[in-house]
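Novice: Here it is: the structure, laid out below.
The values are calculated or read from the model by the stated rules, or taken from the named source; none is laboratory data. Please read all numbers here as calculations on a predicted model, not as lab measurements. In this analysis, Cβ positions are derived from the backbone assuming ideal geometry, glycine residues included, and neighbour counts consider all displayed protein chains. The protein model used for the area step is the full one, side chains on, heavy atoms only, and it has no ligands, DNA or RNA in it. Shrake-Rupley method; radii C 1.70, N 1.55, O 1.52, S 1.80 Å.
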Amino acid sequence: MLRRCLALGAALILMAGLLTGCQAKAAESTVFAMDTVMSLTVYGGKGEEAVAEATELIYDLQNLLTATDENSPLYALNHAGGAWTTLDGDLLALLSDSQALCEKTGGALDITAYPAVQAWGFISKDYRVPGEEELTDLASRIDYAALELDLKGSRARLPEGMEVELGAVAKGYTGDRLAQLMAELGVESAIFSLGGNVQAVGSKPDGSPWRVAIQDPDGQGNLAIVEVTDKAVVTSGGYQRYFEQDGVTYWHILDPVTAAPARTGLQSVTVIGPEGLVCDGLSTALFVLGEEQGMAFWRDHPELGVELVFVREDGSVAITAGLEDSFTLGDGFTDREVQVLS
Amino acid sequence: MSRNAKLILLLLVLVGAACAAFVLLRPAGEGTVARITLDGKLVEEIDLSAVTEPYTFTVEGPGGFTNTIEVEPGRIRVREAGCPDQVCVNQGYISDGTVPIVCLPNKLVIEITGGGDSLDAATG
């Protein structure tokens, strides 16, 4: 009888364990970095340790990737007057990957658009509309291919008057590095919100996919929800950073060809895929390319494994075929037209 | 099977059913709770669904600025702030978990948890 009581007790404890297991405890942290707010959530026994290491990594990457800090390596490169600058291996590798992505997008993504971004006041927040002549000059100084990388010699150089900035890929790259860190720590369930960039590691603790909301560009709530496992979800839209002058809205995503805001009939582009860096860079590039050319790019590059959500200026939505089963419209948006593209 | 074994089996089934009932019938949202943090540290948690009279209070953040927060039944906003960009003030009231109020210069975050659809993150 005693043994049975013990068995029963053990069974009850097991049940209780299963029950609380449904609400596995999460370690959470909020980090202010890279000019945004990031929230880190890690599930499992190593949560606290993983969050602490993730926070440290984010601060390290912030110092490595910034172009505004006068002590940063990119600032040194941008102000070297055309001379070779010695760079850290991680940064050089990222510049190389970013340059390759710029090339893949035919220059729709360009990491040398920084002087133009500055001229519009998007860094200083002192907004202004540059004149035509100035824009022509700015556009002539945007060319990712002019960045020379010497991987063996750990150095890089840029023609004078040009500047590199990694804003279009830094958060995506950070997501990749965080995912890599989680893999090293044996974490199987974590989600990182890096100022609008989402990096999902594994699935939720109960094995179901993460539910990631895509915000309505008009600020009215969650336009849609995508379910993802082990994926990055990144959105670029003109509504994220903009100013108005004389009744015209100017946003921060510039077309490298004109050095002016890219206007292609879209409110936002969301890219979902296995790599944060690729999703981040492509969300910008595809916003610049627009839906038609963006879809051509998507068909030409199945190896990237990305899926897309376009929100058009009229509010209608287009998604790529691979999202059909994981995409739903949000509450209050169920009357939106959704077109499936392939 | 012995009587005791049957008893244990019955108990196990009951416990299992109770567990399932708890998980399934648990209320979806325990009200709307606003969580206010400064530089990631929790300052205050307010159950907005339990607020009856509006009130305000002021916090001072690591940025050296103050944010005056106005709490009303079901919603919350930053009424005044000493920060340079006033993004937090201009955002107005929030009442759900869609977009948190963030004052970057002062490292203030007001986010709402509980209630509504269960989402893990948002992009945009």
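Novice: Scan segment B:116-123 and give yes if some residue there is in contact with a Pro (Cβ under 8 Å, 6 or more places away or on another chain) and not basic (Lys, Arg), otherwise no. Quick ask: steps written out before the conclusion?
Specialist: Residues of segment B:116-123 in contact with a Pro (Cβ under 8 Å, 6 or more places away or on another chain): none.
There is no residue in segment B:116-123 that is in contact with a Pro (Cβ under 8 Å, 6 or more places away or on another chain) and not basic (Lys, Arg).
Novice: Name every residue in segment A:86-102 that is buried (at least 19 other Cβ atoms within 10 Å of the Cβ) and not in a helix (DSSP H, G or I), in order of residue number.
Specialist: A:Leu87
Novice: For segment B:70-99, which residues satisfy the criterion of being open to solvent by 30 Å² or more (accessible area, probe 1.4 Å), among the small types (Gly, Ala, Ser) and either free of Cβ contacts under 8 Å to residues at least 24 places away in the same chain or farther than 30 Å from B:Ser118 by Cβ (or both)?
Specialist: Listed by number, the residues that qualify are B:Gly82, B:Gly97.
Novice: May I ask you to say which residue of A:Val201, A:Val212 is assigned to a strand (DSSP E or B), more than 10 Å from chain B (Cβ to nearest Cβ) and open to solvent by less than 20 Å² (accessible area, probe 1.4 Å)?
Specialist: So the residue among A:Val201, A:Val212 that is assigned to a strand (DSSP E or B), more than 10 Å from chain B (Cβ to nearest Cβ) and open to solvent by less than 20 Å² (accessible area, probe 1.4 Å) is A:Val201.
Novice: Then there's this: Kindly indicate whether A:Thr249 is surrounded by fewer than 19 Cβ atoms within 10 Å (Cβ to Cβ), more than 7 Å from chain B (Cβ to nearest Cβ) and in contact with a Phe, Trp or Tyr (Cβ under 8 Å, 6 or more places away or on another chain).
Specialist: Values: surrounded by fewer than 19 Cβ atoms within 10 Å (Cβ to Cβ): yes; more than 7 Å from chain B (Cβ to nearest Cβ): yes; in contact with a Phe, Trp or Tyr (Cβ under 8 Å, 6 or more places away or on another chain): yes.
So A:Thr249 passes the test.
Novice: Moving on to the next point. If you check A:Lys152 against the conditions, is it under 24 Å from the mean Cα position of the chain (by Cα), among the basic types (Lys, Arg) and open to solvent by 30 Å² or more (accessible area, probe 1.4 Å)? Write out each step before concluding.
Specialist: Details: under 24 Å from the mean Cα position of the chain (by Cα): no; among the basic types (Lys, Arg): yes; open to solvent by 30 Å² or more (accessible area, probe 1.4 Å): yes.
Here the answer is no, as A:Lys152 does not meet what is asked.
Novice: Within segment A:69-79, can you find the residues that are closer than 29 Å to A:Ala190 by Cβ and either small (Gly, Ala, Ser) or open to solvent by 30 Å² or more (accessible area, probe 1.4 Å) (or both)?
Specialist: So the first thing to find is which residues in segment A:69-79 are closer than 29 Å to A:Ala190 by Cβ, and the list is A:69, A:72-74.
Scanning segment A:69-79 gives A:Asp69, A:Ser72, A:Pro73.
Novice: Checking the condition outside any loop (DSSP other than H, G, I, E, B) and either in contact with a helix residue (DSSP H, G or I) (Cβ under 7 Å, 6 or more places away or on another chain) or under 15 Å from A:Ala168 (Cα atoms) (or both), which residue from A:Gly281, A:Gly290 passes? Let's see the steps before the verdict.
Specialist: On the way: A:Gly290 fails: either in contact with a helix residue (DSSP H, G or I) (Cβ under 7 Å, 6 or more places away or on another chain) or under 15 Å from A:Ala168 (Cα atoms) (or both).
Within the list A:Gly281, A:Gly290, the selection yields A:Gly281.
Novice: Just to check your reading of the model, which residue among A:Val269, A:Val257 is open to solvent by less than 10 Å² (accessible area, probe 1.4 Å) and hydrophobic (A, V, I, L, M, F, W, C)?
Specialist: The unique qualifying residue is A:Val269.
Novice: Is segment B:100-117 home to any residue that is away from chain A (no Cβ under 11 Å), over 14 Å from the mean Cα position of the chain (by Cα) and not in a strand (DSSP E or B)?
Specialist: No, segment B:100-117 contains no residue that is away from chain A (no Cβ under 11 Å), over 14 Å from the mean Cα position of the chain (by Cα) and not in a strand (DSSP E or B).
Novice: Considering only residues that are within 8 Å of chain B (Cβ to nearest Cβ) and of a type outside the set (Ser, Thr, Tyr), which ones fall in segment A:224-243?
Specialist: A:Ile225, A:Val233, A:Val234, A:Gly237, A:Gln240
Novice: If I ask for residues that are of a type in the set (Val, Ile, Thr), under 18 Å from A:Arg312 (Cα atoms) and part of a loop (DSSP other than H, G, I, E, B), which ones from segment A:226-248 would you list?
Specialist: Within segment A:226-248, none qualify.
Novice: Continuing with the same structure: Exactly one condition in (1) open to solvent by less than 10 Å² (accessible area, probe 1.4 Å); (2) away from every other protein chain (no Cβ under 14 Å) is false for A:Arg312; which is it?
Specialist: (1)
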